[in-house]
Amino acid sequence: MSALAFDLPPRLEAAEPPEARGLERDDVRLMVARRGDAGIVHATFRELPELLAPGDLLVVNTSATLPAAVAARRADGTPLELRFATPAPETPGDDWWVVELRTADGSAPFERGRQGEVLELPRRRTIQVVAPYAAGRRLWLAHVGPGPPLFDYLERHGHPIRYAYVPDVWDLTEYQTVYATERGSAEMPSAGRPFTPELITRLVAAGVHVAPLVLHTGVSSPERGEEPFPERYDVPVATARLVNAVREWGGRVIAVGTTVVRALESVADERGRAEAGRGWTNLVVTPDRGLRAVDGLLTGWHEPRASHLQLLEAAAGPELLRRCYEQALEWGYLWHEFGDSHLILP
């Protein structure tokens, strides 16, 4: 775990989308940290084209967010919220899922789930909690009962996952990036949320390349700071080739989000050369492993116990990362999916 430690004041937890605060998506603040000279600059996200160079490459995650939370009820009548995390790896069909049980308002994990119990979902659909997943008690392997295709079912009866720091309900559109194309993420790949079509146009006009990949996110655990579980990814041939070409001509590969880092680093060899690939990854990037295919990272601000801080330390180094988080706290940067942004450059 990263040595970075701090207390996050509740006032710095973004409780609503920036649009509800009178801002455009790309009006959020952006701290820029350069590892080469240890410099830190404060900007806004819409200044990104001026902060990158012609020939640089932004790699984005085009996974779309699911309305992955649905009301559930135990046999004794206890109401719960059930969160669909990901299809279960190495199981037949599409009716085996990894799920999380939460209290009815979603504010905390529900830890009294019983192996084998059957929960009732809306429209009398059922799901059986079969066994704890990955030797834990937060996530469960579950079998979904008969009904419409799950994604269609969630579109009708589910809602976006939210945590206690977001008190109000927001539409699913607030949890989507503008370039999302393939349904599958339990939670928004939020590093890309500040992009707008106009900003992407300005980046391309400035000579910055943009390439897609997919990594479908599971459910996080802000209460526990667990390492990420296996997730599905797909790195296309064209993206892998462009990553290699950019590195060969001296450009910088900038990952938009820790999800992109995880996917790219999963298909990179020790020299940083990427190959197209798809499947499941359980890679956890640490400072000891380092980054191979990725030169920079565009991300949000992570909780004190988040395992992603190890990845950020690999990108920035411990001392620069510590200074960034000290300044973010001092300058009042906002945390979480509706908060401000952080760009780490070589």
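Structural remarks
- P(r) for the stretch 119-174, from all Cα pairs and a bin width of 10 Å, is 19, 37, 39, 5 %, short bins first.
- Here the dipole of the stretch 69-157 is about 260 debye; that uses its Cα centre as origin and unit charges on the Cβ of Lys and Arg (positive) and Asp and Glu (negative).
- Estimated D of the stretch 77-155 in µm² per second, where Rh is the Kirkwood radius over Cα pairs and Stokes-Einstein applies at 20 °C, 1.002 mPa s: 168 µm²/s
- Per residue Cα convex hull volume in Å³ - calculated over the stretch 196-346: 125 Å³
- With q set to 0.15, 0.23 Å⁻¹, the log10 of I(q)/I(0) for the stretch 148-204, from the Debye formula over equal scatterers at the Cα positions, is -0.55, -1.03.
- Net dipole in debye of the chain [+1 Lys, Arg Cβ; -1 Asp, Glu Cβ; about Cα centre; nearest 20]: 480 debye
- Vicinal HN-Hα couplings computed from phi for the stretch 48-64 (Karplus, 6.51 cos²θ - 1.76 cosθ + 1.60; Hz; Gly/Pro x): 3, x, 7, 9, 9, 10, x, x, 5, 10, 9, 10, 10, 9, 8, 5, 9
- With Cα atoms as the point set, the stretch 169-257 shows a radius of gyration and Dmax of 15.2, 46 Å.
- Of the residues Arg202, Arg83, Arg123, the one that moves most in a GNM of the chain with alpha-carbon contacts below 10 Å is Arg123.
- Within the chain, helix-based [θ] at 222 nm, where runs of 4 or more DSSP H residues each add -39,500 (n - 2.57), nearest 500: -5500 deg cm²/dmol
- Scaled against 2.2 N^0.38 Å for its residue count N, the alpha carbon radius of gyration of the chain is 0.98.
- Counting only Cα atoms, the size of the stretch 23-102 along its three principal axes is 59, 32, 25 Å, in decreasing order.
Each value in this text was obtained by applying a stated rule to the coordinates, not by laboratory testing. This is a predicted model, so every value here is computed, not measured. Here the Cβ is made from the backbone with ideal geometry for all residues, glycine too, and neighbour counts use every protein chain on show.
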